[in-house]
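Comments concern the structure below.
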Amino acid sequence: MSTKDLHVAYRPTSLDEVVGQKAVVKSIGELVEAEEIPHAFLFCGPSGCGKTTFARIIATELGCEEGSADLQEFDAATNSGVDDIRTLTETAVYQSFGGGNKMYIIDECQSLSKKAWEALLKIVEEPPPHVYFAFCTTEPTKVPATVKTRSHSYTLTDVSHDDMYGLLEEVSAQEGIDALSEDDLSTIAQASGGSPRQALVNLSKCRNVTDYQELLRLLEEPDEAGEAIELARFLGDTRGRTWKKAQEILRKLKDTNPETIRMVVSRYMQTCALGAKGEGQLVHYLQILDHFCRPANGMDEIILATFSVVFDKGDK
């Protein structure tokens with residue numbers, strides 16, 4: 001059984017593991033086999049359909065491992081200015097210490113400013129031999145034509161119900177989730193809107209449900225609550241708790257109502273505190289609860305509370 005969230009633990013790491021998107025898998029597979037990987041990709045499609053996943057798989061094929069300096073993911077939704085892009089392009093031209101390739105994944109690239117796109121254009125037009133880009137977007141109409149024409153473009157589509165059901169069935173078997181019936185899994189697949197990521201988030205939410213009406217109620221809850229639970233789990237587990245990981249989770253919550261986040265974390269910690277085994281655990285959960293017990297009027301308060309928990313020396 002995985003200790004990570006299911007959508008993280010079962011994120012594809014190779015083309016063979018990708019669910020659906022057969023035409024895209026085939027095309028990229030042929031490029032990899034022929035060793036003719038282009039220097040720029042553009043992945044378009046709805047949220048959770050696999051845009052960033054494909055970019056990471058290509059990075060792996062180029063020898064750029066996740067977590068290394070050779071693979072950098074850039075969130076344009078929070079870093080859309082020209083200065084951020086200029087820093088990226090200035091450092092990209094230098095080869096890595098190992099002499100290998102570099103891959104830059106620009107997520108939510110439609111958020112880049114006009115000047116930021118202009119700063120990127122030269123290196124996209126004439127990339128150094130070791131530099132590769134993957135642009136990911138839900139709004140391809142906002143990507144400049146000059147970038148589109150220099151990129152291999154792929155439009156990802158919603159994953160079919162049958163493929164989604166197969167994914168849920170396989171993960172359930174590996175995770176030992178036996179409370180859900182075939183009808184339950186089919187309902188979860190249907191409610192996931194063609195998104196494998198959402199399907200696994202929903203499976204995680206419903207994994208212990210034995211009543212069909214309760215299953216439907218959970219599936220009707222807003223997605224933002226599920227994302228906030230990820231933050232709560234992260235804060236509650238001191239193992240490997242880093243600010244970098246906190247930043248990744250907070251970016252996903254940037255458009256969520258701050259008070260919703262606070263309430264989810266607060267309720268989660270209340271439940272943990274009531275079930276704590278030993279004084280040490282109890283103190284740990286109560287310390288976190290203390291940071292999230294007051295109404296949050298803005299995302300800045302959620303960020304500060306998270307920062308305080310991550311760097312709280314009292315619970316280490």
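The values are calculated or read from the model by the stated rules, or taken from the named source; none is laboratory data. Everything quoted here is computed from the prediction, not taken from an experiment. Cβ atoms come from the backbone with ideal geometry, glycine included; neighbour counts cover every protein chain shown. SASA here: full protein model, heavy atoms, side chains in, ligands and nucleic acids out. Shrake-Rupley method; radii C 1.70, N 1.55, O 1.52, S 1.80 Å.
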Report summary line: Of the accessible area of region 131-255, computed with a 1.4 Å probe and all protein chains kept, carbon and sulfur make up a percent value of 46
Report task. Identify, among Phe54, Asn202, Leu282, the residue whose Cα sits farthest towards the positive end of the charge dipole of the chain, taking +1 on the Cβ of Lys and Arg and -1 on the Cβ of Asp and Glu, with the dipole about the Cα centre. Result -> Leu282
Report task. Give me D for region 57-139 in µm² s⁻¹, whole number, from Stokes-Einstein with Rh from the Kirkwood sum over alpha-carbon pairs, 37 °C and 0.692 mPa s. Result -> 255
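Whole number please: convex hull volume per residue of the Cα set in region 117-239, in Å³? Intermediate values should be presented prior to the final figure.
On the way: hull volume 23.4 nm³, N = 123.
Cα-based convex hull of region 117-239, divided per residue, equals 190 Å³.
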Query raised in the report: Can you give me the relative contact order of region 57-110 as a percent, contacts being Cα pairs under 8 Å and 6 or more apart?
Result: 52
Requested in this report: Take the alpha-carbon positions of region 153-198, form their convex hull, and give its projected area averaged over all directions (one quarter of the hull surface) in nm².
Outcome: 3.5
Report task. Sorted from largest down, give the three principal axis spans of the alpha carbons of the chain, whole angstrom values. Result -> 59, 46, 36
Report summary line: Taking placed amide H atoms and a strict 5 Å upper bound, the residues 5 or more places from Glu73 or on another chain that come that close are Ile105
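Given a 1.4 angstrom probe, what's the average accessible area per residue across region 167-260, in square angstrom? Present the calculation step by step, with values, prior to reporting the outcome.
Working: 4720 Å² over 94 residues.
Normalised by residue count, the accessible surface of region 167-260 is 50 Å².
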Query raised in the report: Near Ala34, within a Cβ-to-Cβ distance under 14 Å, what is the net charge of the other residues, with Lys and Arg +1 and Asp and Glu -1?
Result: -4
Report summary line: The whole-number value in µm²/s of the Stokes-Einstein translational diffusion coefficient for region 165-316, with Rh from the Kirkwood sum over alpha carbon pairs at 4 °C and 1.567 mPa s, is 78
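Within 10 Å of each candidate Cβ there may be at most 12 other Cβ atoms; applying that plus a DSSP loop requirement, which chymotrypsin sites (Phe, Trp or Tyr not before Pro) in region 37-137 survive?
Numbers: sites: Phe41, Phe43, Phe54, Phe74, Tyr94, Phe97, Tyr104, Trp117, Tyr132, Phe133, Phe135; in loops: Tyr94, Phe97.
For chymotrypsin sites (Phe, Trp or Tyr not before Pro) across region 37-137 that sit outside H, G, I, E and B with at most 12 neighbouring Cβ atoms in 10 Å, the list reads Tyr94, Phe97.
Let me check against my output: what whole-number percent is the relative contact order of region 209-278, with C-alpha pairs under 8 Å and at least 6 apart? Working shown, then result.
On the way: 32 pairs, mean separation 28.0, N = 70.
The normalised contact order for region 209-278 reaches 40 percent.
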Query raised in the report: What residues have an amide H closer than 5 Å to that of Phe135, excluding those fewer than 5 places away on the same chain, when H is modeled at 1.01 Å from N in the peptide plane?
Result: Phe41, Leu42, Phe43, Ile106
Query raised in the report: So what's Rg/Rh here for region 257-316, counting alpha carbon atoms and using the Kirkwood radius for Rh?
Result: 0.98
Report summary line: Restricted to pairs 8 or more residues apart or on different chains, the lysines in region 200-316 with C-alpha atoms under 28 Å apart form a number of pairs equal to 19
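Rolling a 1.4 Å sphere over the protein heavy atoms, what is the accessible area per residue of region 1-131, to the nearest Å²? It would help to have the intermediate numbers written out before the result.
Values: 6680 Å² over 131 residues.
Ligands and nucleic acids excluded, the figure is 51 Å² per residue.
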